[in-house]
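J.: Sharing a structure below in structure tokens format, with a few things to ask.
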Amino acid sequence: MDSTPSSSRVSRTVLLLLRVLTFVFLLIALILIAINKVAVDISHRQLEVKFNDFHAYRYMISTIVIGFAYNIVQMALSIFSVLSGNRVLSSNGGYLFDFFGDKIISYLLLSGSAAGFGASEDLRKIFHSIELFKSFFEKANASASLLLIGFLFTAIASTFTSFALPKKA
């Protein structure tokens, strides 16, 4: 009796690992952008600037939340698949859901990351003279970087799900 795991079991385990890594990076990105704010004193008035004051950062957090929700569903399906050896959605539709879901979500995560990087760069040029904004933009860039890493793990997962697609002759 051979004790080596089957290639499909290894593939399911790697896919679960990718989903867990995506989960971790998206969670940290979400926390970083959600707590990002700075208080600035302008003309003796206290002004608090938060991430949701900028559309690009709101878009970025929206992509994180959507990717996070999708990833939680996929993690649950992956855990079931690894533990039981069976898929919840075993038909061709299940494989297509995994493949196209991973593709769509990965591109969505990439666009959110790009929006965050772009907003930070543009806003940094406008507010370059206010030193307090430096940490604000650094946190936003850190969040966008983590979101970019989440995209990479989801894109790699989509490659694995493409291998599972049924072959049509």
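J.: Between Ser129, Ser113, Ser162, which is small (Gly, Ala, Ser), open to solvent by 40 Å² or more (accessible area, probe 1.4 Å) and out of contact with any Ser or Thr (no Cβ under 6 Å at 6 or more places or on another chain)?
T.: Exactly one residue qualifies, and that residue is Ser129.
J.: Has the stretch 70-79 got at least one residue that is part of a helix (DSSP H, G or I), of a type in the set (Phe, Trp, Tyr) and open to solvent by 70 Å² or more (accessible area, probe 1.4 Å)? Explain how you work it out, then say what you get.
T.: Of the residues in the stretch 70-79, the ones part of a helix (DSSP H, G or I) are 70-79.
With of a type in the set (Phe, Trp, Tyr) added as a condition, the list becomes 70.
Then keep just the ones that are open to solvent by 70 Å² or more (accessible area, probe 1.4 Å); that gives none.
Scanning the stretch 70-79, I find no residue that is part of a helix (DSSP H, G or I), of a type in the set (Phe, Trp, Tyr) and open to solvent by 70 Å² or more (accessible area, probe 1.4 Å), so the answer is no.
J.: The conditions are (1) surrounded by 20 or more Cβ atoms within 10 Å (Cβ to Cβ); (2) out of contact with any Ser or Thr (no Cβ under 7 Å at 6 or more places or on another chain); (3) of a type in the set (Ser, Thr, Tyr), and Thr63 fails exactly one of them. Which is it?
T.: Just one mismatch for Thr63, condition (2).
J.: Take the conditions farther than 26 Å from Asp102 by Cβ and in contact with a Phe, Trp or Tyr (Cβ under 9 Å, 6 or more places away or on another chain) and apply them to Ser120. Does it pass?
T.: Values: farther than 26 Å from Asp102 by Cβ: yes; in contact with a Phe, Trp or Tyr (Cβ under 9 Å, 6 or more places away or on another chain): yes.
Yes: the conditions hold for Ser120.
J.: Quick one: in the stretch 81-106, of everything that is open to solvent by less than 30 Å² (accessible area, probe 1.4 Å) and hydroxyl-bearing (Ser, Thr, Tyr), which residue is modelled with the highest pLDDT?
T.: So, considering only residues that are open to solvent by less than 30 Å² (accessible area, probe 1.4 Å) and hydroxyl-bearing (Ser, Thr, Tyr), the one modelled with the highest pLDDT is Ser106.
J.: Considering only residues that are more than 24 Å from Leu18 (Cβ to Cβ), in contact with a helix residue (DSSP H, G or I) (Cβ under 9 Å, 6 or more places away or on another chain), assigned to a helix (DSSP H, G or I) and not aliphatic (A, V, I, L, M), which ones fall in the stretch 89-133?
T.: Selection gives Gly118, Ser120, Glu121, Asp122, Arg124, Phe133.
J.: If you scan the stretch 1-47, which residues turn out to be in contact with a strand residue (DSSP E or B) (Cβ under 8 Å, 6 or more places away or on another chain), exposed (fewer than 15 other Cβ atoms within 10 Å of the Cβ) and at pLDDT 85 or above?
T.: Hit for the stretch 1-47 is Lys37, nothing else.
J.: Report every pair of residues separated by at least 6 positions or lying on different chains whose Cβ atoms are under 8 Å apart, first residue within the stretch 6-30 and in a loop (DSSP other than H, G, I, E, B), second surrounded by 15 or more Cβ atoms within 10 Å (Cβ to Cβ).
T.: That search, which allows pairs on different chains as well, returns nothing.
J.: Which one of the conditions (1) aliphatic (A, V, I, L, M); (2) in a helix (DSSP H, G or I); (3) over 21 Å from the mean Cα position of the chain (by Cα) does Leu148 fail to meet, given that it meets all the rest?
T.: Of everything listed in (1) aliphatic (A, V, I, L, M); (2) in a helix (DSSP H, G or I); (3) over 21 Å from the mean Cα position of the chain (by Cα), Leu148 misses just condition (3).
J.: Mind listing whichever residues of the stretch 126-169 are among the charged types (D, E, K, R) and free of Cβ contacts under 8 Å to residues at least 60 places away in the same chain?
T.: Narrowing the stretch 126-169 to residues among the charged types (D, E, K, R): 131, 134, 138-139, 167-168.
Hits for the stretch 126-169 are Glu131, Lys134, Glu138, Lys167, Lys168.
J.: Would you confirm, using the coordinates I've provided, whether Gly93 is more than 23 Å from Asn36 (Cβ to Cβ), touching a residue at least 40 places away in the same chain (Cβ under 8 Å) and not acidic (Asp, Glu)?
T.: no
The values are calculated or read from the model by the stated rules, or taken from the named source; none is laboratory data. Keep in mind it's a predicted model, so treat the numbers as computed, not measured. For neighbour counting, all protein chains shown are included, and Cβ atoms are generated from backbone atoms with ideal geometry for every residue, glycine included. For the accessible areas, the whole protein counts, side chains as well, though only heavy atoms, and no ligand, DNA or RNA atoms are used. Shrake-Rupley method; radii C 1.70, N 1.55, O 1.52, S 1.80 Å.
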